[in-house]
Amino acid sequence: MRKSLVIAAAALSLLGACTQKAKTVEREDVIAAISKTEEAQTAAIGRNDLNGAVAVFAEDATLYTPGMPPAIGREAIKAVNERVLKDPALNIVIDEASRKFWISANGDLATTTYTSAWTHTDAISGKPVTERLVSQTTWERQADGTWQNVSDLNAIYPVVPAEVK
């Protein structure tokens with residue numbers, strides 16, 4: 001009897017190790033899938049492809065963009081992106097070293113964060129300005145295995161005066 005319990009415990013231990021390995025692989029698969037989706041969106045923005053830029057958003061997603069009210073729903077997000085893509089100064093440079101991923105235990109939700117340099121035309125001066133942004137996006141896995149952006153929050157890092165540092 002004792003030998004059977006030891007064998008059963010060993011088998012469960014091995015199964016647990018295999019399950020942990022599977023979760024690690026799944027985490028890497030999730031990161032790869034979301035990264036591919038983000039890269040496609042970034043490429044679409046670079047081409048001024050409005051439909052490609054908004055294709056990653058869920059129908060009921062919310063986009064928070066500095067200086068604008070929240071855009072709720074894909075059509076509202078499309079309107080914001082249409083205005084942003086018309087800006088001749090638009091340039092976004094993502095700091096890849098800042099990118100982080102959090103993935104839910106069941107792998108159906110994920111959050112990404114990163115910082116970037118966002119160049120755009122200042123509404124007051126009409127001149128190009130570059131601001132540092134922090135972006136946090138919540139992704140939801142769809143039934144077909146693809147990922148959609150359900151909430152995209154972008155905020156400007158405040159400039160800290162030298163005397164405060």
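The values are calculated or read from the model by the stated rules, or taken from the named source; none is laboratory data. What you see is a predicted model; the values in this text were computed from it and never measured. Positions of Cβ are backbone-derived with ideal geometry, glycine not excepted, and every protein chain shown enters the neighbour counts.
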*Would the stretch 62-71 turn up any residue that is assigned to a helix (DSSP H, G or I), buried (at least 16 other Cβ atoms within 10 Å of the Cβ), in contact with a strand residue (DSSP E or B) (Cβ under 6 Å, 6 or more places away or on another chain) and modelled with pLDDT of 90 or more?*
no
*Identify, by number, the condition in (1) farther than 18 Å from VAL30 by Cα; (2) touching a Leu at 6+ places or on another chain (Cβ under 6 Å) that ALA79 doesn't meet.*
(2)
_Given (1) modelled with pLDDT under 95; (2) loosely packed, with under 13 Cβ neighbours inside 10 Å; (3) not aliphatic (A, V, I, L, M), identify the lone condition not met by LYS100._
(1)
*Answer residue from the stretch 129-165, given it is in a loop (DSSP other than H, G, I, E, B) and among the charged types (D, E, K, R) and is modelled with the lowest pLDDT among those*: LYS165
*Do we have GLY145 as surrounded by 13 or more Cβ atoms within 10 Å (Cβ to Cβ) and on the phi > 0 side of the Ramachandran plot here?*
no
*Quick one: in the stretch 80-96, which of the residues that are among the aliphatic types (A, V, I, L, M) and surrounded by 15 or more Cβ atoms within 10 Å (Cβ to Cβ) is nearest to the chain's Cα centre (by Cα)?*
ILE94
*When residues of the stretch 105-116 are limited to those that are surrounded by 13 or more Cβ atoms within 10 Å (Cβ to Cβ) and part of a loop (DSSP other than H, G, I, E, B), the one modelled with the lowest pLDDT*: GLY107
*Is there a residue in the stretch 40-58 that is within 25 Å of GLU131 (Cβ to Cβ), within 17 Å of the chain's Cα centre (by Cα), among the polar types (S, T, N, Q) and at pLDDT 95 or above?*
no
*From ALA61, ALA55, ALA43, grab the single residue that is under 18 Å from TRP147 (Cβ atoms) and either touching a residue at least 60 places away in the same chain (Cβ under 8 Å) or in contact with a His (Cβ under 6 Å, 6 or more places away or on another chain) (or both).*
ALA61
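So that you can scan it fast, the table gives a plain yes or no per residue for (1) within 21 Å of ALA40 (Cβ to Cβ); (2) in contact (Cβ under 8 Å) with a residue 12 or more places away in the chain; (3) in contact with a Cys (Cβ under 7 Å, 6 or more places away or on another chain):
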| residue | (1), (2), (3) |
| --- | --- |
| THR65 | yes, yes, no |
| ILE94 | yes, yes, no |
| ALA105 | no, no, no |
| THR121 | no, yes, no |
| THR138 | yes, yes, no |
| VAL150 | yes, yes, no |
| ALA155 | no, yes, no |
*Does ASN81 qualify as being within 18 Å of ASN154 (Cα to Cα), part of a helix (DSSP H, G or I) and polar (S, T, N, Q)?*
yes
